[in-house]
Amino acid sequence: MLASKRSMMRSLQGTAQARPAAARAAPRRTALRVRAHGAVSATELKKQGFIGEMRAVAMKLHTRDQAPKEGGQKASPRPMPTWQPTREGYVRFLAESRAVYSAFEDIISKAERPEYEQFQGTGLERVAAIDKDLAWFQETYGISAPQLPADSPGLAYAQKLYGLAVSDPPAFICHYYNYFFAHTAGGRMIGSKVSSMILDNAELEFYKYDGDVAPLLDAVRSKINALSESWTREQKDHCLQETADTFKYSGSLMPFIMGSGGH
């Protein structure tokens, strides 16, 4: 997911540079300085525990131009076209994202697997925030949240999560980590950029947290590390192998921001 989000950021930056100087000079209400991931040494990764392994695998799925020191994929020979974000597309993205976050939150709330209880009330939950934003779009721009079609990528992802939560907890935790953490990094940067382009610099609730998000992330990292101590090496490796699917499913939602979703 971070890979697709960073690629989008470069595309958005190119679009913004092509806008008139007056438009670029518009004041911003907030200045987000969010680092998705910095380079981490092998020693530091060891200190991070299993989370360090998860992060390392995720970074290897980035291209070298996205993460020069850690990216494991060659840069795409076909540059991403310049996209123009639309309000309607963004509302669709929020609706799709809500389906995914709703699945995560429902699974964790019910905690049919007892290990999920520790992820209740982390402060990273997003459904309530998305609902506020969807209401704001209706009030401000007259754009209603769409009813998602049966084949929407958000619903497909939600269905996958419900299955993994019961049958494959290590894989589910991989999705949880990558999806929630990507939103606090590249997701927030994209949200800020899109807002400056089409939302009059409004800061959506989707990107707000109760205080500094860093301690919330640290707490979740500790919980995942603690949980992983009960896993065998085979289960840990299986969790890591699921990373590619997290990129695939989360990345399927991103085009809606630009109004170019396929459903």
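The values are calculated or read from the model by the stated rules, or taken from the named source; none is laboratory data. Computed from a prediction, not measured in an experiment: that's the story for all the values here. Neighbour counts run over all protein chains shown; Cβ positions are idealised from the backbone, glycine included.
Among residues of segment 168-208 being among the hydroxyl-bearing types (Ser, Thr, Tyr) and closer than 17 Å to Lys248 by Cβ, the one that is nearest to the chain's Cα centre (by Cα) is Tyr179. Contact annotation: residue pairs with Cβ atoms under 9 Å, 6 or more positions apart or on different chains, pairing a residue in segment 233-254 that is over 21 Å from Gly52 (Cβ atoms) and surrounded by 20 or more Cβ atoms within 10 Å (Cβ to Cβ) with a partner that is modelled with pLDDT of 95 or more and acidic (Asp, Glu), are Ser252/Glu96; Leu253/Glu96.
The listed residues are Ser196, Ser144, and the only one of them that is more than 26 Å from Cys239 (Cα to Cα) and in a loop (DSSP other than H, G, I, E, B) turns out to be Ser144. Among all positions in segment 109-129, there is no residue which is in contact (Cβ under 8 Å) with a residue 12 or more places away in the chain and closer than 14 Å to Tyr90 by Cα. Total residues in segment 250-263 satisfying the condition of being in contact with a Pro (Cβ under 7 Å, 6 or more places away or on another chain), at pLDDT 90 or above and assigned to a helix (DSSP H, G or I): the figure is 0.
Residue pairs whose Cβ atoms lie under 9 Å apart, separated by 6 or more positions or on different chains, with the first residue in segment 211-227 and in contact (Cβ under 8 Å) with a residue 60 or more places away in the chain and surrounded by 11 or more Cβ atoms within 10 Å (Cβ to Cβ) and the second part of a helix (DSSP H, G or I) and acidic (Asp, Glu), are Leu227/Glu115. Examine segment 179-199 for a residue that is within 16 Å of Gly52 (Cα to Cα) and without any contact (Cβ under 8 Å) to a residue 24 or more places away in the chain, and state whether such a residue exists. The answer is no; no qualifying residue exists. Evaluate the following for His175: is it at pLDDT below 95 and farther than 23 Å from Lys132 by Cα? No. Checked against (1) crowded, with 21+ Cβ neighbours inside 10 Å; (2) in contact with a Phe, Trp or Tyr (Cβ under 9 Å, 6 or more places away or on another chain); (3) at pLDDT 95 or above, Val166 passes all but a single condition, namely (1).
Residues checked against (1) within 27 Å of Tyr141 (Cα to Cα); (2) small (Gly, Ala, Ser):
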| residue | (1), (2) |
| --- | --- |
| Ala165 | no, yes |
| Tyr179 | no, no |
| Gly191 | yes, yes |
| Ser195 | yes, yes |
| Ala202 | yes, yes |
| Tyr207 | yes, no |
| Asp210 | yes, no |
| Ala226 | no, yes |
| Thr232 | no, no |
